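Each remark here refers to the structure printed beneath this line.
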Amino acid sequence: MARKPPPDHEARAPGFSRRTFLKTAGAGAAVSTVVGAGAACSKKPTILGPGAAPLTLRVNGARQTVTVEPRVTLLNALRNHLDLTGAKQVCGRGGCGGCTVLLDGAPVKACMMLAADAEGHEITTVEGLGTPEKMSPLQQAFVEADALQCGFCTPGFVVSGTALLANNPDPSLDEIKDGLAGNLCRCGTYSRIFEAVQKTAGRG
């Protein structure tokens, strides 16, 4: 027995059918894509490489020029080309926080960012927060609370803690733990690190 063809809902339904809607939406998306692509192509991209190219970085309030290959990370540019060794190369995959610096005031993992992408931004390393002769309040609190053992992770914690206190001058203990969650201390000095941040907040 021959099957009856399915009812032609499109012919009977008033207004848009599902098929008409999909056709219209598809055409609109295609037009938007073409227009967007044209706008993007109107701006000529900056091409770096394959060899080393000069970059201008603003680090700790000063303009610095480095000549590096496009693949060089911000961490390597800071350590190997500008001799700013406070940020540490530890895990190399953004998991420990040892390489934390501030980018426009926000903490970032310098091992996960290309130096070229940092152009035009304000970079602050732990060296820019204070010196042994004139420490920042948080650096001073780290000393007073004995919040370090081997000290390898300390710069990252100080940078992350500085960003935390800039956004929240009086954090609770839970907020401190949250704000420093991206940093690891292999010596396990967490309680004293939290105490140092609390000391600094109490002086605010």
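The values are calculated or read from the model by the stated rules, or taken from the named source; none is laboratory data. Note that the coordinates shown come from a computational prediction; the quantities given were computed from them, not determined experimentally. Note: ideal-geometry Cβ built from the backbone for every residue, glycine included; neighbour counts use all protein chains shown. Please note that ligands, DNA and RNA were not included when accessible areas were found on the heavy atoms of the full protein model with its side chains. Shrake-Rupley method; radii C 1.70, N 1.55, O 1.52, S 1.80 Å.
In segment 45-56, is there at least one residue being modelled with pLDDT of 95 or more, surrounded by 14 or more Cβ atoms within 10 Å (Cβ to Cβ) and not basic (Lys, Arg)?
Among the residues of segment 45-56, at least one is modelled with pLDDT of 95 or more, surrounded by 14 or more Cβ atoms within 10 Å (Cβ to Cβ) and not basic (Lys, Arg), which makes the answer yes.
When only residues in segment 125-144 that are in contact with a helix residue (DSSP H, G or I) (Cβ under 7 Å, 6 or more places away or on another chain) and in a helix (DSSP H, G or I) count, which is surrounded by the most Cβ atoms within 10 Å (Cβ to Cβ)?
Of everything passing the filter in segment 125-144, Phe142 is surrounded by the most Cβ atoms within 10 Å (Cβ to Cβ).
Under the condition of being under 17 Å from the mean Cα position of the chain (by Cα) and without any contact (Cβ under 8 Å) to a residue 24 or more places away in the chain, which residue from segment 81-98 is most open to solvent (accessible area, probe 1.4 Å)?
Result: Arg93.
Where the second residue is among the aliphatic types (A, V, I, L, M) and the first is loosely packed, with under 11 Cβ neighbours inside 10 Å and lies in segment 170-181, which pairs have Cβ atoms under 7 Å and are six or more apart or on separate chains?
Asp170/Ala201
For segment 171-184, state whether one or more residues are in contact with a Lys or Arg (Cβ under 8 Å, 6 or more places away or on another chain) and under 17 Å from Leu78 (Cβ atoms). It would help to see each step written out before you state the result.
Of segment 171-184, the ones in contact with a Lys or Arg (Cβ under 8 Å, 6 or more places away or on another chain) are 182.
Going one step further and asking which of them are under 17 Å from Leu78 (Cβ atoms), we end up with none.
No, segment 171-184 contains no residue that is in contact with a Lys or Arg (Cβ under 8 Å, 6 or more places away or on another chain) and under 17 Å from Leu78 (Cβ atoms).
Taking segment 151-169 as the region of interest, how many residues are loosely packed, with under 15 Cβ neighbours inside 10 Å and at pLDDT 95 or above? I'd like the intermediate steps shown before the answer.
Step one: filter segment 151-169 for residues loosely packed, with under 15 Cβ neighbours inside 10 Å, giving 151, 166-169.
Still in the list and also at pLDDT 95 or above: 166-169.
Number satisfying all stated conditions: 4.
Do you know which residues across segment 182-204 are assigned to a loop (DSSP other than H, G, I, E, B), open to solvent by 70 Å² or more (accessible area, probe 1.4 Å) and within 22 Å of Gly94 (Cβ to Cβ)? Lay out the reasoning, then the answer.
Residues of segment 182-204 assigned to a loop (DSSP other than H, G, I, E, B): 182-189, 203-204.
Adding the requirement that they be open to solvent by 70 Å² or more (accessible area, probe 1.4 Å) leaves 184, 186, 203-204.
Selection gives Leu184, Arg186.
Does Thr154 count as touching a residue at least 60 places away in the same chain (Cβ under 8 Å), in contact with a helix residue (DSSP H, G or I) (Cβ under 7 Å, 6 or more places away or on another chain) and of a type outside the set (Gly, Ala, Ser)? Steps first, please.
Numbers: touching a residue at least 60 places away in the same chain (Cβ under 8 Å): no; in contact with a helix residue (DSSP H, G or I) (Cβ under 7 Å, 6 or more places away or on another chain): yes; of a type outside the set (Gly, Ala, Ser): yes.
Spelling it out, it is not the case that Thr154 is touching a residue at least 60 places away in the same chain (Cβ under 8 Å), in contact with a helix residue (DSSP H, G or I) (Cβ under 7 Å, 6 or more places away or on another chain) and of a type outside the set (Gly, Ala, Ser).
Could you go through segment 145-159 and let me know if any residue there is in contact with a strand residue (DSSP E or B) (Cβ under 6 Å, 6 or more places away or on another chain) and not in a loop (DSSP other than H, G, I, E, B). Before the answer, list the steps.
Restricting attention to segment 145-159, the residues satisfying the condition of being in contact with a strand residue (DSSP E or B) (Cβ under 6 Å, 6 or more places away or on another chain) are 156, 159.
Among the residues that remain, those that are also not in a loop (DSSP other than H, G, I, E, B) are: 156, 159.
The answer is yes; a qualifying residue exists.
Specify the residue that is surrounded by the fewest Cβ atoms within 10 Å (Cβ to Cβ); the eligible residues are those in segment 99-124 that are more than 18 Å from Cys153 (Cβ to Cβ) and among the hydrophobic types (A, V, I, L, M, F, W, C).
Across segment 99-124, the extreme among qualifying residues is Ala106.
Every residue in segment 107-139 that is in contact (Cβ under 8 Å) with a residue 40 or more places away in the chain, of a type in the set (A, V, I, L, M, F, W, C) and closer than 22 Å to Gly202 by Cα, please.
Val126, Leu138
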